Protein chains: 2
Amino acid sequence: MNSKVKKRTLIHDIARHLDVSIATVSLVLNGKAKQSRISDALAERVLAYVKEVGYKPNHLAKSLRTGKTHVIGLVVEDISNPFFATVAWMIEKQAFERGYRIIYCSTDNDTSKAKELITMFQDRHVDGYIIVPPEGVEEQVSVILREQIPVVLFDRYLPDLPTNYIVVDGTKGTYEAAQHLLEQGFTSIAFVTTDSKQTQMEARLQGYVQAMEERGLQQRVKHVNITDSEKILADIHSFIAENRDCDAIIFSTNYLSIYGLEAIAQQKLRIPDDLAVISYDDHDLFRLYTPAITVIAQPVESIAKNVIDILLDQLKHPSDKEDTTAIQAVVLPTSLVVRKSSIRS
Amino acid sequence: MNSKVKKRTLIHDIARHLDVSIATVSLVLNGKAKQSRISDALAERVLAYVKEVGYKPNHLAKSLRTGKTHVIGLVVEDISNPFFATVAWMIEKQAFERGYRIIYCSTDNDTSKAKELITMFQDRHVDGYIIVPPEGVEEQVSVILREQIPVVLFDRYLPDLPTNYIVVDGTKGTYEAAQHLLEQGFTSIAFVTTDSKQTQMEARLQGYVQAMEERGLQQRVKHVNITDSEKILADIHSFIAENRDCDAIIFSTNYLSIYGLEAIAQQKLRIPDDLAVISYDDHDLFRLYTPAITVIAQPVESIAKNVIDILLDQLKHPSDKEDTTAIQAVVLPTSLVVRKSSIRS
DNA sequence: CTGAAAGCGCTAACAT
DNA sequence: ATGTTAGCGCTTTCAG
């Protein structure tokens, strides 16, 4: 009997000890002392004792009762990708300060996994969602929307769904990168992207198309099918080999660039002499690579701030006001960080 | 009234619909139909209807009642570090298959943050912990131990605490790396590590010391104080500058190597001609760098497998049997992946 | 100002 | 074989 685990203190214990009612303790703990006209003296006495014994309310019971978990579900493409890792880290930090916890998961851009994760979050009764949606999750997101649970998408959005979202102006980002290459005298520019129809990918491609069209230059676009590493590497390798007359290449995401650098090295091509390179997203590798790689950087801090601000705002003000659910769509600018890989030597 | 959110189906609803008792439904759902001698026919009828309406039990209520959340708390140093990201990903995958969910957080090696996280997990009633402990969290871990909640540490352990842990043989790993350098004819080898007292760091250093002592070579060890990026970079930069007579250098972690490569590039030193380099942990950057960097790789898959197996085992068999709490300590081997950065040209 | 009491949705003795 | 019922720990009216 005595070796039994020491029981956690319950609200009941502290009420009994102070010889007040459970309700009083609960009210004080939830900051409703004033409106329930509980004397400051008593309130303080409660707080003091609570602190003394280190009482922590049972979250499960609290959530069951209130229907609020104070947990936000964050679904990203890949938490080990520095871009998502940084945004997630900032979101977590901000949310934490405002009393929310984040639980995150990676979809690896797999639709069925994403569906599973969203369902799992529903089961866990998260109060809100932050999602980087792969294609085909419209249905799950609709369900969330219908249940009036706050959602903010980022990096890309679902055109058919009225949700809040934060994205960057990828069209402009790529366009500027292309302009920069043209100014440096590179004229035969290729664009390597994925074969996905996600909005951010389409936008980035669009910027390339636009820049090429303006100058009446030939477009060389490679849509890589994202499967296993070897296949991707081989694919990019051949594309580069088959387009040896190109003098510059823009990759639409950081991981494609990584494969690209490997393929370029395999073919012993020199950057930027044989081929100039520009990538999306900054990364240790790009900064330290020899030569350093020019990147179209996304404003990670601003993305994180907008995401969490909008979500927390919705969490505070449940949109009861009928259809006045003003959707917030934020488009942020990218910035070109010029390094050696795109400078004519 | 009608615009109200559609209510979730409750166990009560399904019991009423089938005209059976709530208990029957609950028993069937929890696989206790057989032992409660519920007819197969009924059981199937229940299951069929549950599936039809897509009933999902309320986890919160279930957890409150059973005291089990089926959630495992994973505390790593930095989830965006490829080493931890990979291990975490594998752990998550395995746990998921066995019905457990993982919620993870990064400590950034900050003791107070780690304490906070562990406390948060306690509040959330996780069923078990997987922790990469920074220094000074002995107290929080003791609390978990005392409450008989399963814990597995990895990457490093807490010498004073009887916990399960999975680590690699860092002493041997570094020793082999040093041997390799010596065989290649490098004789003036430096070792760059952090100033932390964590077991894995001490072990790695030990391997270096041992190799140097065996040959009676001078030891040049730099203990970098991990603060902000600029400071770290500057620190490593000066160390390298002050030891220009060194012909090889071993870094005790992947992130130190990244700063190291930057510092080496700044000083326009050529690898391996001016300085051979070996790093701990594999990484895209090391594989793709020019020249490719030799690494002491950790068996990430095996680490993950051991961690989750031991934890799930404990979760299945609550160690009631008094002090028979057999501690599991697993030490795995590292493997040296030789690349150009450590080959005499 | 405070206490009693009704649940939140589910599980698992304990009855039948 | 199946139903009844007492909670898990907390919040929140509603009457004092």
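The values are calculated or read from the model by the stated rules, or taken from the named source; none is laboratory data. All of these numbers come straight from a predicted model, not from anything done at the bench. A quick note on method: Cβ atoms are made from the backbone with ideal geometry, for glycine too, and the neighbour counts reach across all protein chains shown. The area values use the complete protein model at the heavy-atom level, side chains included, leaving out ligands, DNA and RNA. Shrake-Rupley method; radii C 1.70, N 1.55, O 1.52, S 1.80 Å.
Determine the share of the stretch B:227-292's accessible area contributed by carbon and sulfur atoms, expressed in whole percent, with a 1.4 angstrom probe. Walk me through the intermediate numbers first.
On the way: 1210 of 2430 Å².
Of all accessible area on the stretch B:227-292, carbon and sulfur atoms account for 50 percent.
I'd like to check one number: the per residue accessible area of the protein assembly as shown, probe 1.4 Å, reported in Å² as a whole number.
Numbers: 32470 Å² over 690 residues.
Computed with neighbouring chains in place, this is 47 Å² per residue.
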Worksheet item: For the stretch A:190-196, what does the Karplus curve 6.51 cos²θ - 1.76 cosθ + 1.60, with θ = phi - 60°, yield as ³J(HN,Hα) per residue in whole Hz, taken in order and with x for Gly and Pro?
Response: 9, 10, 10, 9, 8, 9, 8
Discussion item. Let's see if you can work this out: charge +1 on each Lys and Arg Cβ, -1 on each Asp and Glu Cβ, no other charges. What is the dipole magnitude of the stretch B:11-57 about its Cα centre, in debye to the nearest 20?
Written reply: 180
Worksheet item: Put +1 on the Cβ of each Lys and Arg and -1 on the Cβ of each Asp and Glu in the protein assembly as shown; which of B:Val151, A:Ile91, B:Thr187 then has its Cα farthest toward the positive end of the dipole?
Response: B:Val151
Worksheet item: If you take every DSSP beta bridge whose two residues both sit in the protein assembly as shown, what share of them, in percent to the nearest 5, is antiparallel?
Response: 10
Discussion item. Only protein chains counted, 1.4 angstrom probe. Which residues of the stretch A:28-58 are at least 40 Å² less accessible in the assembly than when their chain is isolated?
Written reply: A:Lys56
Discussion item. Residues of the stretch B:271-289 with backbone nitrogen within less than 17 Å of a virtual label 7 Å along the Cα-to-Cβ line of B:Gln218, please, listed as ranges.
Written reply: B:275-276
Worksheet entry | At least 30 Å² of accessible area lost relative to the chain alone, listed for the stretch B:65-90 with a 1.4 Å probe | B:Ile79, B:Ser80, B:Trp89
Worksheet item: Given label points at 7 Å from Cα along Cα→Cβ, what nm distances, shortest first, separate B:Ala329 from the same residue in every other copy?
Response: 6.0
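Taking a ≥ b ≥ c as the square roots of the Cα gyration tensor eigenvalues, with a/c under 1.5 meaning rounded and otherwise prolate when a/b beats b/c, else oblate, which class fits the protein assembly as shown? Can you show the working numbers first?
Values: a/c = 1.96, a/b = 1.33, b/c = 1.48.
Oblate, because a/c is 1.5 or more while a/b does not exceed b/c.
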Practice prompt. Treating each Cα of chain B as an identical point scatterer and ignoring solvent, apply the Debye formula and state log10 I(q)/I(0) at q = 0.07, 0.12, 0.15, 0.16 Å⁻¹.
Written response: -0.42, -0.89, -1.20, -1.30
Fill in: Size of electric dipole in the protein assembly as shown: Cβ of Lys, Arg +1 and of Asp, Glu -1, about Cα centre, debye, nearest 20
2460
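From the Cα gyration tensor of the stretch B:11-57, with a ≥ b ≥ c the square roots of its eigenvalues, which class applies: rounded if a/c is under 1.5, or else prolate if a/b is larger than b/c, or else oblate? Numbers along the way, then the final one.
Values: a/c = 1.57, a/b = 1.50, b/c = 1.05.
It is prolate, given that a/c is not under 1.5 and a/b is the larger ratio.
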Discussion item. Nothing charged except the Cβ atoms of Lys and Arg (+1) and of Asp and Glu (-1): what's the magnitude of the dipole of chain B about its Cα centre? Round to the nearest 20 debye.
Written reply: 1880
Practice prompt. Just give the residues from the stretch B:229-276 buried by at least 10 square angstrom of accessible area in the all-chains context relative to the isolated chain, probe 1.4 Å, and say none if nothing qualifies.
Written response: B:Ile258, B:Glu262
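When the accessible area of the stretch A:79-223 is computed with all protein chains present and a 1.4 Å probe, what percentage of it is carbon and sulfur? Don't skip to the answer; put the middle values down first.
Numbers: 2440 of 5430 Å².
Carbon with sulfur: 45 percent of the solvent-accessible area.
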Discussion item. Distances in nm, one decimal, shortest first, from B:Ser188 to the same residue in every other copy, taking the label point 7 angstrom along Cα→Cβ.
Written reply: 4.8
Worksheet item: Once A and B are treated as a pair rather than alone, how much accessible area drops out, both sides summed, in Å² to 100, probe 1.4 Å?
Response: 4000
Response to the item:
Note to self, the protein assembly as shown gives a 222 nm [θ] from helices alone (DSSP H runs n ≥ 4, -39500 (n - 2.57) apiece, / all residues, nearest 500) of -14000 deg cm²/dmol
Worksheet item: Given N residues in the stretch B:104-167, what is Rg(Cα) / (2.2 N^0.38 Å)?
Response: 0.98
Discussion item. With every protein chain left in place and a probe of 1.4 Å, what is the accessible surface of A:His125, to the nearest 10 Å²?
Written reply: 40
Worksheet entry | Global geometry of the stretch B:167-272, whether rounded, prolate or oblate, following the gyration tensor of its Cα atoms and the 1.5 cut on a/c | oblate
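Quick one: pull the percent of accessible area on the stretch B:11-57 belonging to carbon and sulfur, 1.4 Å probe, ligands and nucleic acids left out. Intermediate results must be reported in sequence, preceding the final value.
On the way: 1640 of 3140 Å².
Its accessible area is 52 percent carbon and sulfur atoms.
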